[in-house]
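Undergrad: Below you will find the structure I want to go over with you.
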Amino acid sequence: LNMKSPPLSPYGVFAGQLFQYKTNPSLIAFESSPPSMSSEIVTQSSNKCILLGGLSDGPIPTPYAKLLEQKCHSLGWSLVQPTLSSSYLGFGNGSLSRDTDELVQLMDYLVCHHSAERFALVGHSTGCQNSIHFLKSGRRDLVDRLKVVALQAPASDRESLSMTPGDHSVHLTHAQSLVTQKKGEEMMPRSAFWAPITASRYLSLFDVGGDDDFFSSDFTDEEL
């Protein structure tokens with residue numbers, strides 16, 4: 001058989017520690033620490049940069065992930081790439097509040113077991129919403145440890161939906177009706193979105209003023 005070889009990890013190859021920071025559900029994260037100056041022994045950096053991807057992303061979410069790791073290492077920081085319950089297709093039944101709760105658990109683990117003292121958040125796309133929500137709603141002692149928050153490619157999911165074909169008002173009305181009936185965890189029809197999604201998350205992403213609606217261009221300064 002003439003089989004075509006898959007490309008070597010397009011966004012880079014990473015070496016480090018894979019660890020479980022939460023059980024029930026089991027959630028893991030990967031930390032790539034700067035190597036020791038004198039040997040290849042991995043050292044524990046007290047500075048942790050957490051990279052948060054967008055909808056349907058997991059670890060290694062962006063083409064610049066390897067460059068970010070290299071820059072972190074040059075500055076004495078490690079790069080942490082977590083899996084959240086909202087990673088991959090889990091976003092459809094999640095919320096920013098759940099993500100923030102899991103980031104708190106991740107940071108607690110890093111403080112207790114990986115010598116963490118300072119943090120940075122780098123959000124890509126929906127990861128920008130996670131970053132802002134954590135600043136607003138995260139546990140204050142951990143927010144105080146944040147030294148950098150970078151928002152890369154923040155986007156309005158509401159405005160992006162308006163650029164796709166279809167009458168989305170029908171689905172918004174249906175989602176609003178379910179939430180009003182306290183059935184926000186009911187799944188939306190297959191025609192509503194390309195991934196499985198609950199009524200409450202559909203409104204969060206696509207309704208005006210939804211929980212995820214941070215970056216729409218039609219907001220006034222006062223609304224922002």
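Undergrad: Given the whole protein assembly as supplied and a 1.4 Å probe, what does the accessible area of Y109 come to in Å², nearest 10?
TA: It works out to around 60 Å².
Undergrad: Let me ask something else. Among the lysines, which fall within straight-line cross-link reach of K66, defined as a Cα-Cα distance under 30 Å, with same-chain neighbours fewer than 8 residues apart omitted?
TA: Candidates past the 8-residue exclusion: K4, K22, K48, K136, K147.
Undergrad: With θ set to phi - 60°, apply the Karplus curve 6.51 cos²θ - 1.76 cosθ + 1.60 along region 118-123 and write out the HN-Hα couplings as whole Hz, x wherever there is a Gly or Pro.
TA: Per-residue couplings from phi come out as 10, 10, 10, 10, 10, x Hz.
Undergrad: How large is Rg over Rh for region 66-117, taking Rg from the Cα atoms and Rh as the Kirkwood inverse mean of 1/r across Cα pairs?
TA: Computed over Cα atoms, the ratio is 1.06.
Undergrad: Specify whether the C-alpha gyration tensor of region 1-104 places it in the rounded, prolate or oblate class, a ≥ b ≥ c being the square roots of the eigenvalues: rounded for a/c under 1.5, otherwise prolate if a/b is larger than b/c and oblate if not.
TA: In terms of gyration-tensor shape, oblate.
Undergrad: With both bridge residues required to lie in the chain, what share of the DSSP beta bridges run antiparallel, to the nearest 5%?
TA: Taking every DSSP beta bridge within the chain, about 40 percent pair in antiparallel fashion.
Undergrad: Normalized C-alpha radius of gyration of region 142-220, against 2.2 N^0.38 Å?
TA: Scaled against compact globular proteins, the figure is 1.27.
Undergrad: Where does the charge balance sit around A199 when Lys and Arg score +1, Asp and Glu -1, over other residues with C-beta under 11 Å from its C-beta?
TA: Every neighbour counted, the sum reads 0.
Undergrad: Under 20 Å Cα-Cα from K71, which aspartates and glutamates qualify once same-chain neighbours fewer than 8 residues away are excluded?
TA: Partners within reach: E31, E40, E117.
Undergrad: Sticking with this structure for a sec: What are the ³J(HN,Hα) couplings of region 52-62, residue after residue, when phi is run through the Karplus curve with 6.51, -1.76, 1.60 and θ = phi - 60°? Round to Hz, x for glycine and proline.
TA: Along region 52-62, the couplings run 10, x, x, 4, 6, 7, x, x, 6, x, 9 Hz.
Undergrad: On the accessible surface of the chain, probed at 1.4 Å, how many percent belong to carbon and sulfur atoms?
TA: Answer for the chain: carbon and sulfur cover 56 percent of the accessible area.
Undergrad: Can I ask one more? Relative to the compact-globule scaling 2.2 N^0.38 Å, provide the ratio for the alpha-carbon radius of gyration of the chain.
TA: After normalising by residue count via 2.2 N^0.38 Å, the value is 1.11.
Undergrad: Can I ask one more? Just to be sure I understand: if I project the alpha-carbon convex hull of region 78-171 onto a plane and average over all orientations, what area do I get in nm²?
TA: Convex hull of Cα atoms, orientation-averaged projection: 7.0 nm².
Undergrad: To continue, here is another question. Beta carbons within 10 angstrom, averaged per residue: use that to sort the peptides 61-72, 157-168, highest first.
TA: Going from most to least packed, we get 61-72, 157-168.
Undergrad: Still on this structure: What do you get for the angle between helix 168-180 and the principal long axis of the chain? Use alpha-carbon atoms, 0 to 90 degrees, nearest ten.
TA: Here the helix axis deviates by roughly 90 degrees.
Undergrad: If you stretched the chain out fully between K182 and D211, how much longer would it get, using 0.36 nm times the residue separation minus the C-alpha to C-alpha distance?
TA: Result: 8.7 nm gained on full extension.
The values are calculated or read from the model by the stated rules, or taken from the named source; none is laboratory data. On a predicted model such as this, the values are computed, not experimentally measured, just so you know. Counting neighbours? That spans all protein chains shown, and the Cβs are built from the backbone with ideal geometry, glycine included. When the accessible area is computed, the model is the full protein with side chains, heavy atoms only, and any ligands, DNA or RNA have been set aside. Shrake-Rupley method; radii C 1.70, N 1.55, O 1.52, S 1.80 Å.
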